[in-house]
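Trainee: Please see the structure below; I have some questions.
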Amino acid sequence: MADTDEVNDEEIADGEESAEEDGKQKKFPMMMIIIGAAVVVLVGGAGGAYFMGLFGGGPMDAQKSEAQAPSIYFDIPEMVVNLASGRKRPQYLKLKIAIEADSQENIDALTPKMPRIQDMFLIYLREMRGSDLEGSAGVYRLKNELMRRINITIHPAEIKRVLFKEMIIQ
């Protein structure tokens, strides 16, 4: 029986060691999960603070400085254009546009070239169909194209935006 007692004592000791090892193995993955979650929270918080401008130089700071810069507006004379409609009844587009610029120098560069800008607008707009201007995507494309044409004409000066004051398709 002594042999049996010795075996049982050894088995019990081995069982306790394996239970301790199992406990350590269970603690290790749990600890890694906790550390990983803490790293994610810290990195996410730091990224959020950067974008909110708490560290300075973030995207929100750029928007604040842009919003603080005074804008100068210039009205382009009203235009009425016959749109390309094929053999259907004619369609007309009436536009009132304002130009937004950063400085008076950019507006001053725009003024003497206004006949060229209006000519470019009319030529471009006459090729458009009413369906090209449907929805916000069509209006957005038109704004970008008009702004691109103005900036090409007045280069190296530059405007910030083209603003529609009135747009009627009839």
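Trainee: Go through segment 79-91 and count every residue that is assigned to a strand (DSSP E or B) and under 18 Å from residue 146 (Cα atoms).
Mentor: Residues meeting the conditions: 5.
Okay, residues lined up against (1) assigned to a helix (DSSP H, G or I); (2) charged (D, E, K, R); (3) within 13 Å of residue 74 (Cα to Cα):
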position	(1), (2), (3)
105	yes, yes, yes
110	yes, no, yes
131	yes, no, no
151	yes, no, no
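Trainee: Follow-up. Taking segment 73-128 as the region of interest, how many residues are surrounded by 14 or more Cβ atoms within 10 Å (Cβ to Cβ), more than 21 Å from residue 160 (Cα to Cα) and of a type in the set (Lys, Arg)?
Mentor: Residues that pass the stated criteria total 0.
Trainee: Provide a single number: the residues in segment 146-168 that are surrounded by 13 or more Cβ atoms within 10 Å (Cβ to Cβ) and closer than 17 Å to residue 94 by Cα.
Mentor: 5
Quick note: the coordinates plus some simple rules give every number you see, no bench work behind them. All of these numbers come straight from a predicted model, not from anything done at the bench. Heads up, the Cβs are rebuilt from the backbone with ideal geometry, glycines too, and the neighbour counts pull from every protein chain shown.
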